[in-house]
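Novice: Quick one: the structure is below, questions incoming.
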Amino acid sequence: MARKGHQDRGLMSKTDTTGKTLWYVRLMHNGKDRRFGSFPTKTIARHFYEKAKTEQHEGRFFPERYQHGGYELVQEAIDRYLTNMEGGKTYNDHVYFANWWGKQFAGKRLNAITVTSMEDIRKDLMQERSNGRVNKYIDWLRACLNVAIKHDKLTVNPVAKLKSLPEPETKTRLLTPEEETKLLTAIGPTLAPWVRFAILTGLRQSEQLTMEWANVDLELGIVTLPETKAGGVQYAPLNEEAKDILRNLDSWHRSKWVFPSENPATHANIANLKRRFRKAVKDSGIPWVRWHDLRHCFASRLAMSRAPLGTIAALLRHSGTGLVKRYAHLDPDHLRNAVELVASFGKVQKPEAGARLLNETVTPTGTEEKNEVRPNT
């Protein structure tokens, strides 16, 4: 048994058949020698030892809770986390990740989740998914295990040691008017106004689908957003076409939701709408576009209409202009005029077109000739 002063008391190490070192905890409880483990690292074993000693001192240590090395089933931790997510806007996404990770660790306990096992799983994920998508898988499990720690089911989160994969900046996808027409036709008359409304307002998908009629003021042309990504209440202005779309919807007399699902008691399902949107994109034959790109279309068309970046940021409800600089190049004159200032720096400005000296005339061919004094004939 490793001994290094009081620090390693109660810790034991053992090498398995593969040569790997495993750690165990030895405790005296009610006059009996109890051993717990194995633990993959010495640090985790020490955390368990200190936690168990604290519980003994407070009279709440029950060895039965810590069979199999003090770890509950991975599925139990997943179920607990999923319960906490019920009722949220992204619950369907949580269900997807919960099912996926449940299959990866079916029948296994939390001590099966190690840095090594996670690295292997991540490598497999990277064969089929982008770095950004892989990071979402890992982030979900990290959050799940953080909840397990709060409930004293785990002492150290092994996923926390994995650094996120680098994610390249994605090119902003913009719909041309022709592509928009094809998309609206492919998605059908019911959902086409929903898509057009997204382009006209720049609302995020969750913001649009959770809109309630009580928060729509058509007279003032304002939508109140009680819950937003930035937190707190925000407001989105409506142009005349967006107001006309809302006036033509018939959901107001059967649901509190502006965009309800088939069940008027609930708003439209985000995952279901994404599937129908993806199918419409494929059927229309246009290059790939996501629903979130409709928000980019809103901003890009503002930029091409020469709206200042500050105005675009305000309409997107961003706190600054940093995130909207991607649209600066879409202003046809703004940057071009700026670089012309470099060329003209320190030079004498030329006369404006049409300004001529008094003794010069312009011939029909565009060449200049001086006035001559002709002799009288």
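Novice: Being among the hydroxyl-bearing types (S, T, Y) and either closer than 23 Å to Y137 by Cβ or free of Cβ contacts under 8 Å to residues at least 60 places away in the same chain (or both) is the filter here; which residues of segment 156-190 pass it?
Specialist: S164, T170, T176, T181, T190
Novice: What is the residue count in segment 258-268 for residues that are surrounded by 15 or more Cβ atoms within 10 Å (Cβ to Cβ) and not in a strand (DSSP E or B)? Before you say what the answer is, go through the steps one by one.
Specialist: Our first condition is that a residue be surrounded by 15 or more Cβ atoms within 10 Å (Cβ to Cβ); within segment 258-268, this holds for 258-261, 267-268.
If we keep only those that are not in a strand (DSSP E or B) as well, we get 258-259, 261, 268.
Looking only at that region, the number is 4.
Novice: Restricting attention to segment 281-293, does a residue exist that is over 26 Å from L183 (Cβ atoms) and either surrounded by 15 or more Cβ atoms within 10 Å (Cβ to Cβ) or acidic (D, E) (or both)?
Specialist: Filtering segment 281-293 down to residues over 26 Å from L183 (Cβ atoms) leaves none.
No, segment 281-293 contains no residue that is over 26 Å from L183 (Cβ atoms) and either surrounded by 15 or more Cβ atoms within 10 Å (Cβ to Cβ) or acidic (D, E) (or both).
Novice: Criterion first (within 24 Å of K282 (Cβ to Cβ), out of contact with any Pro (no Cβ under 7 Å at 6 or more places or on another chain) and acidic (D, E)) does E167 satisfy it?
Specialist: Details: within 24 Å of K282 (Cβ to Cβ): no; out of contact with any Pro (no Cβ under 7 Å at 6 or more places or on another chain): yes; acidic (D, E): yes.
It is false that E167 is within 24 Å of K282 (Cβ to Cβ), out of contact with any Pro (no Cβ under 7 Å at 6 or more places or on another chain) and acidic (D, E).
Novice: While we're on this one: Could you tell me whether T41 is β-branched (V, I, T), over 15 Å from D152 (Cα atoms) and modelled with pLDDT of 75 or more?
Specialist: Considered against the rule, which asks whether it is β-branched (V, I, T), over 15 Å from D152 (Cα atoms) and modelled with pLDDT of 75 or more, T41 comes out as yes.
Novice: While we're on this one: Mind checking whether some residue in segment 298-318 is in a loop (DSSP other than H, G, I, E, B), modelled with pLDDT of 75 or more and among the small types (G, A, S)? Working first, answer last.
Specialist: Start the filter on segment 298-318 by keeping residues that are in a loop (DSSP other than H, G, I, E, B), which leaves 305-308, 317-318.
Still in the list and also modelled with pLDDT of 75 or more: 305-308, 317-318.
Checking which are among the small types (G, A, S) leaves us with 305, 307.
The answer is yes, given that some residue of segment 298-318 is in a loop (DSSP other than H, G, I, E, B), modelled with pLDDT of 75 or more and among the small types (G, A, S).
Novice: I need the full set of residues from segment 140-187 which are hydrophobic (A, V, I, L, M, F, W, C), assigned to a helix (DSSP H, G or I) and within 26 Å of R295 (Cα to Cα), in order please. Steps first, please.
Specialist: As a first pass, look at segment 140-187 and keep what is hydrophobic (A, V, I, L, M, F, W, C): 140-141, 143-145, 147-149, 154, 156, 159-160, 162, 165, 174-175, 183-184, 186-187.
Still in the running and assigned to a helix (DSSP H, G or I): 140-141, 143-145, 147-149, 159-160, 183-184, 186-187.
Within segment 140-187, W140, L183, L184, A186, I187 qualify.
Every residue, every condition in (1) in contact with a strand residue (DSSP E or B) (Cβ under 8 Å, 6 or more places away or on another chain); (2) closer than 30 Å to T228 by Cβ; (3) surrounded by fewer than 13 Cβ atoms within 10 Å (Cβ to Cβ); (4) modelled with pLDDT of 85 or more, yes or no:
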{"residue": "R9", "(1), (2), (3), (4)": "no, no, no, no"}
{"residue": "G37", "(1), (2), (3), (4)": "yes, no, no, no"}
{"residue": "R46", "(1), (2), (3), (4)": "yes, no, no, yes"}
{"residue": "Y81", "(1), (2), (3), (4)": "no, yes, no, yes"}
{"residue": "K108", "(1), (2), (3), (4)": "yes, no, no, yes"}
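Novice: A further question follows. Within segment 191-208, how many residues are in contact (Cβ under 8 Å) with a residue 24 or more places away in the chain, assigned to a helix (DSSP H, G or I) and farther than 17 Å from W257 by Cβ?
Specialist: Residues that pass the stated criteria total 4.
Novice: Can you name every residue in segment 9-19 that is closer than 10 Å to T41 by Cα and under 43 Å from the mean Cα position of the chain (by Cα)?
Specialist: none
Novice: Let me ask something additional. Can you tell me which residue within segment 11-35, out of those that are surrounded by fewer than 16 Cβ atoms within 10 Å (Cβ to Cβ) and over 27 Å from V159 (Cα atoms), is modelled with the highest pLDDT?
Specialist: M28
The values are calculated or read from the model by the stated rules, or taken from the named source; none is laboratory data. Everything quoted here is computed from the prediction, not taken from an experiment. Cβ coordinates were reconstructed from backbone atoms using ideal geometry, including for glycine residues, and neighbour counts include every protein chain displayed.
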